[in-house]
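Undergrad: I am attaching a structure below and will ask some questions about it afterwards.
The values are calculated or read from the model by the stated rules, or taken from the named source; none is laboratory data. Owing to the predicted nature of the structure, the values given are computational and were not obtained by experimental measurement. Note that we place each Cβ from the backbone using ideal geometry, even for glycine, and neighbour counts take in every protein chain shown. We work out accessible area using only protein heavy atoms, side chains counted, and drop any ligands, DNA or RNA first. Shrake-Rupley method; radii C 1.70, N 1.55, O 1.52, S 1.80 Å.
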Amino acid sequence: MLPMVYVDDITNGDYEYVAFVRSQYSHAKFSLSGKAYTYEDVKEFKVPVLYDRSSLRIPEVPLLPKYKAVYTFQPLALVVGKDMYEAWDRAEEVEVDYEPYDGPIYEEVPDNVIYREKAGGEVGGAEGEFRLTVSFGRNAQYTMEPRVVAVRHQGDQLIVHISTQIPTIVRTIVAEMLEIPQNRITVEVPNVGGGFGLKQDVSYEELSVIALAYKLGKNLKWVETRTENVMTSQARGQVHELRVGYSKSGKLEYLEDKITYDAGAHLLPFTGISPLFVTLATMRSLYDFRFSYEAIVKVTNRPPQGAYRGFGRPEAILVMERVMDEIARRTGLSPIEVRKLNLKSELEGDVGDLNGVLERLSRKYEELKRVYGKGVGISLYVQYAAPNSEVMVKHEKSLVPGYECVRARLDTDGWIVIETTLTDQGQRMGESIRKLASKELGYEKVRVELGRTNVNGYGVWASRSMLTAGNAAVLAVRKLKEMAKEIDGELNWERIARIMRLEPWKLKSLSVEECYETPEFVGTVSGQVVVVREEAPGIIRPVYAYIVADVGVTGDDEVVKGQLMGGAMQAISGTLVESVEDGLEYSIATALEAPEFEVELLHTPSNTPAGVRGVGENSISGGYAAVINAINDLGIECNEVPCRPW
């Protein structure tokens, strides 16, 4: 078995190492003295964006600030050393003088509001009404491998080794920033030590290293430290001020929501403010009610808000599931009954077996209430995945489409090779696609090549991998089979390969490329039950976690169950342990804090060629809500993540 290779293992480039001089203030004017590369050295490189910025009141933000830092640990300058240790030493030698600043982050935006959206109009007239504020604080994605980038020159080619989920998007952004053709840039992605959305974008640090390497003609490498990772790579950050109208029978009549979205000091090139639009869509995905909202996006003295597994869904589900439980509490009805009462008569798109999930969720909830009495919380939700191009462009205001292309080819040694832009962050993506293709072909000699940039596609995000690339792979090998049958009616792949090798005048190559995006919303209807207990004042421990999800056709049930347990554990950790306010003391839950898990899968095929559904962001999306509802069921009022009411 070949050893696992990550970006930092690549040493055959004679690299020099980069370290950053970082701000120790959240908002301050600064001046630098010492040997370092600063704003003046990279000012000609503009940061491209892959979202529609026409409605955003935010100026262009340079790679490095000119004179003012706007968040703690913001990179102010770069230094270069022969190894990491020399680079760190040189960074410490650079002196920075600060003058704390109290004013708007950008003079062009005196109120710090960069986007505002309002819809729904006036609501009112319900039998009962209450107000509730639900706050979702920031989490760090905390991947095992932080960000890493290594840049080297080979003739006129720029070779970028990077730990990323989006190799083709990286190439697009870098080419536009450097103003050179994409064909002069090679993006290579070895193994990726976890992504969770962190590597769904390109950070200003990564772009700064690439820009400086290009300008100086040097081979440069940057390996992010854990401290840098926690202090600058963050996501979430929404506050929902709710006015809720309901009937005594338990019906949610209307929801008025004032949403404040913390964008951080600036926007990232791909993410923009898309999590907000996902939140708004998810809030309306399951229940029937009148919805009125005002969404305000503010820049703040925090790191830019990036993507994190769930991408706006956990915030929405937390809000809606807290509302459902609060209505149940006020009416004396069962939380399950309130949810059933408020379901839409018909859910949008293809979501699976809602009744099957509800039946199992209800049964497990009643069972655990009998056993534990209190501290039992639930969540019910639909996790929509793989937004198509229309959704991406029209609703999420992105300039990245939703389709994915896959190439299938027969090699002269008889192996069928699947090429895709997808990367594997530990979820065995390649193996899952290989199993789908092999099953379709009835042939085992299938290999999947990940991280390819020679096919059109956009990488791993929005639980899209199996729905887009998985389906495209199935379509591609189906077509490859049709072409092969015309050459050999018995479909003997080894014999066809020999013709390519020994009689090339008859057949020179056999390959096909197919693209796929979902024509409608495809979702995974799911539910969770979490049990917690208070071991001591202020010490909440999860005891049991049940997950039920209609996952459609899978490549491997055990891999899917692992994904679901992992996501639920991240939600538990984010609710009970993690807080960016802890700064350098940031902690995550370990196996010692894990509850007993039970996962039940339903397998209603989706209306796609492979019958698959998205699951990557499923359990984390509903997990926070189930934990918070369980805490409230203990009699401890908590409507925020992280939950620290003491």
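Undergrad: Project the alpha carbons of region 302-382 onto their principal axes and report the range along each, largest first, in whole Å.
TA: Principal axes ranked by extent give 44, 32, 23 Å for the Cα atoms.
Undergrad: Whole-Hz Karplus ³J(HN,Hα) for region 577-590, in order, using 6.51 cos²θ - 1.76 cosθ + 1.60 and θ = phi - 60°, x for Gly and Pro?
TA: 10, 7, 7, 5, 5, 6, x, 5, 8, 3, 10, 10, 5, 10
Undergrad: Between Rg and the Kirkwood Rh of region 344-492, both from Cα atoms, what is the Rg to Rh ratio?
TA: 1.12
Undergrad: How far is the Cα center of region 486-516 from the Cα center of region 1-77, in Å?
TA: After rounding, the separation between the Cα centres reads 49 Å.
Undergrad: Return the long-range amide H neighbours of E188 (sequence gap of 5 or more, or a different chain), with a cut-off of under 5 Å between placed amide H atoms.
TA: The answer is V160, H161, I162.
Undergrad: If you place +1 on the Cβ of every Lys and Arg, -1 on the Cβ of every Asp and Glu, and leave all else neutral, what size is the dipole of the chain about its Cα centre, to the nearest 20 Debye?
TA: Details: 73 positive and 93 negative charges, 181 e Å.
Roughly 880 debye, rounded to the nearest 20.
Undergrad: Sequence-distant or interchain residues sharing an amide H contact under 5 Å with Q24, placed H: which?
TA: F73
Undergrad: A further question on this structure: One quarter of the convex hull surface, Cα atoms only: what value does that give for region 539-646 in nm²?
TA: Averaging across all directions leaves 8.0 nm² for the Cα convex hull.
Undergrad: So, by mean Cβ neighbours within 10 angstrom, what's the order for 168-176, 449-457 with the highest one leading?
TA: Going by the mean number of other Cβ atoms within 10 Å, highest first, we get 168-176, 449-457.
Undergrad: Ok, one more. Of all accessible surface on the chain at a 1.4 Å probe, what whole percent is carbon and sulfur?
TA: Working: 11880 of 25080 Å².
Heavy-atom surface of the chain belonging to carbon and sulfur, 1.4 Å probe: 47 percent.
Undergrad: Using mean Cβ contacts within 10 Å as the protection proxy, how do 566-573, 580-587 order, highest first?
TA: Working: 566-573: 25.1, 580-587: 12.9.
By packing density, highest mean first, the sequence is 566-573, 580-587.
Undergrad: Now a separate question. Given contacts defined as C-alpha pairs under 8 Å and at least six residues apart, what's the relative contact order of the chain, whole-number percent?
TA: 15 percent
Undergrad: Can you list which of the trypsin sites (Lys or Arg not before Pro) found in region 57-118 are DSSP loop residues with at most 12 other C-beta atoms within 10 Å? Please report the intermediate quantities before stating the final value.
TA: On the way: sites: R57, K66, K68, K82, R90, R116, K118; in loops: R57, K66, K82.
Answer by residue number: K66, K82.
Undergrad: Can you list the GluC sites (Glu not before Pro) in region 235-313 that are in a DSSP coil and have 15 or fewer other beta carbons within 10 angstrom?
TA: Qualifying residues, ordered by number: none.
Undergrad: Just to verify a number: FRET efficiency for K248 and E593, C-beta to C-beta distance, R0 = 35 Å, to 0.05?
TA: After rounding to 0.05, the efficiency reads 0.30.
Undergrad: Follow-up question, since we're still on this one. Given only helices, namely DSSP H runs of n ≥ 4 each adding -39500 (n - 2.57), what is the per-residue ellipticity at 222 nm of the chain, to the nearest 500 deg cm²/dmol?
TA: -8500 deg cm²/dmol
Undergrad: Right, something else. Find how much the distance from E40 to R533 grows on full extension, using 0.36 nm per residue of separation minus their present alpha carbon separation; answer in nm with one decimal. Write out the running numbers ahead of the final one.
TA: On the way: separation 493, 0.36 × 493 = 177.48 nm, distance 5.59 nm.
Once the chain is fully extended between E40 and R533, it gains 171.9 nm.
Undergrad: So how much accessible area does C515 have, in Å² to the nearest 10, using a 1.4 Å probe?
TA: That residue has around 60 Å² of solvent-accessible surface.
Undergrad: May I pose another question? Please turn the phi angles of region 298-310 into ³J(HN,Hα) values with the Karplus equation 6.51 cos²θ - 1.76 cosθ + 1.60 (θ = phi - 60°), one per residue in order, whole Hz, x for glycine and proline.
TA: Couplings: 10, 8, 9, 7, 10, x, x, 6, x, 8, 9, 2, x Hz.
Undergrad: Going by amide H atoms built from the backbone, whose H comes under 5 Å of the H on T300, apart from near neighbours?
TA: Long-range HN contacts for T300: A263, G264, A265.
Undergrad: So, one more: Residue by residue through region 26-41, what is 3J(HN,Hα) from phi via Karplus (6.51 cos²θ - 1.76 cosθ + 1.60, θ = phi - 60°)? Round to whole Hz and write x for glycine and proline.
TA: Result, ordered by residue: 7, 7, 6, 6, 9, 9, 10, 9, x, 8, 7, 8, 10, 3, 4, 7 Hz.
Undergrad: Can you compute the radius of gyration and Dmax for the chain, using only the Cα atoms, both in Å?
TA: For the chain, the Cα radius of gyration and maximum Cα-Cα distance read 25.5, 81 Å.
Undergrad: Quick one: what does P(r) look like for region 137-225 with 10 Å bins over all Cα pairs, in whole %?
TA: Bin by bin from 0 Å, the calculated values are 17, 54, 24, 5, 0.
Undergrad: Among DSSP beta bridges whose residues both lie in the chain, state the antiparallel percentage, nearest 5.
TA: Antiparallel bridges: around 75 percent, rounded to the nearest 5.
Undergrad: Please identify the GluC sites (Glu not before Pro) of region 461-550 that satisfy two criteria: DSSP loop assignment and at most 16 other Cβ atoms within 10 Å. Which are they?
TA: Loop-located and lightly packed - E490, E520.
Undergrad: Could you work out how much longer the chain between I487 and F130 gets when fully extended? Use 0.36 nm per residue separation minus the Cα distance between them, nm to one decimal. Before the final figure, lay out the partial values.
TA: Working: separation 357, 0.36 × 357 = 128.52 nm, distance 7.06 nm.
Computed gain between I487 and F130 is 121.5 nm.
Undergrad: Moving to a separate point now. With the cut-off at 15 Å, report for region 101-148 the share of all Cα pairs above it, as a whole percent. Mind dumping the intermediate values first?
TA: Values: 875 of 1128 pairs.
Cα-Cα pairs in region 101-148 separated by more than 15 Å: 78 percent.
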